[in-house]
Amino acid sequence: MSHRSITILAAGAALAALAPASIASAQSAPAPASDGGVPAGRIELTIRSVHVTGSNAVARYERTRQYLTATRSHTVTMTVPGHKLRFEGATSPRRELRYDAATGRVTAHEGSATPPYQTVAQEAAGFARQIAQGCWTPAGNLVFQGRGSTRYKLVSATSGPCRGDAQVGQAIVDRRTGAVLRREVGLADGSFKEVDVLSQFQTLALTPRTRPLLKFGSHDGGALAGRRF
C-alpha cells in the first residue's frame, strides 16, 4: 500500500474542475481560494505537524515550518518530541538544497522557476474541488483554533474521482479562507492513521528583515558559504 496515496487521497478529484458556486454553497463548502502562488513581494509562513501511527505504517511525528515566496522556499522539519532537526531544504530558480539529518549530508539539485510546494490557498482550492465532487461531506460546524470551521467526513471509494487507499477520514476547514486546518485519514482497522494539522499560516512582507527566513543552514561545514543560492 502506498502511504503517499493515502495522504493525497483522491488526486483525480483535486485536479478536476471546480463545480459551480451554487453547488458548492449547497454543500456548505469553504469559499474557493484564488488561483495560486504567493504574490510577489510577500512570504507565506506555515507551521504544520504530521503524526503517522499504526502497525502498517512507518511511524513519525514531526513539525514543519515553511517559508514560501513566488520563487523560493525554505523548509525546516523537527522531530516531536525532542525538537531535533530531521530535514532542511531550500529551493530557488538556481538550485535546490537538501539536508538529511539521518545521513548528515547536503545534496544539491537543479532549481525550478516556482517552489515545488502548494500554498495554503492552492491546497484549499484543491480540497474545495474534492468537496464539489462529493469526496467529502459536511458533518457540522465548530470553532477550531479560534476559527469558525466546518467538519467534513471522507467518502471512501475504490473507483471514480474519489478513489484512494484511505477508508476513513475527517477534515476541519476554515469557513472564511477554505484552509484545511486538520486532516485525518487512515484505514478502518486502525493499522494506518495520518493526522496533519495546520497550526499557523500568515503572509508577511518580503523585506530585508524577513528575507533571512529563506536562508539555508550551514550543514556543510561552510562549503556553500558565499555562493549564490
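Table for the structure above
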| quantity | calculated |
| --- | --- |
| Among the residues listed as T64, T107, T75, the single one being touching a strand residue (DSSP E or B) at 6+ places or on another chain (Cβ under 7 Å), at pLDDT below 95 and assigned to a strand (DSSP E or B) | T107 |
| Where a residue in the range 120-133 is of a type in the set (A, V, I, L, M) and at pLDDT 95 or above and its partner, wherever it lies, is surrounded by fewer than 23 Cβ atoms within 10 Å (Cβ to Cβ) and part of a helix (DSSP H, G or I), with Cβ under 7 Å and at least six apart | A128/A24; I131/A24; A132/I23; A132/A24 |
| Single condition T7 does not satisfy, out of (1) modelled with pLDDT under 95; (2) assigned to a loop (DSSP other than H, G, I, E, B) | (2) |
| All positions within the range 48-59 that are farther than 16 Å from Q122 by Cα and in contact (Cβ under 8 Å) with a residue 12 or more places away in the chain | S49, V50, H51, V52, T53, G54, S55, N56, A57, V58 |
| Residue in the range 35-56 that is under 27 Å from L187 (Cβ atoms), surrounded by fewer than 18 Cβ atoms within 10 Å (Cβ to Cβ), modelled with pLDDT of 95 or more and among the charged types (D, E, K, R) present | no |
| Checking G160 against (1) in a loop (DSSP other than H, G, I, E, B); (2) modelled with pLDDT of 95 or more, the condition it does not meet | (2) |
| Residue that is surrounded by the fewest Cβ atoms within 10 Å (Cβ to Cβ) [pool: residues in the range 63-86 that are closer than 13 Å to T46 by Cβ and among the hydrophobic types (A, V, I, L, M, F, W, C)] | V76 |
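The values are calculated or read from the model by the stated rules, or taken from the named source; none is laboratory data. Here the structure is a predicted model, which means the values were calculated and not measured. Note that we place each Cβ from the backbone using ideal geometry, even for glycine, and neighbour counts take in every protein chain shown.
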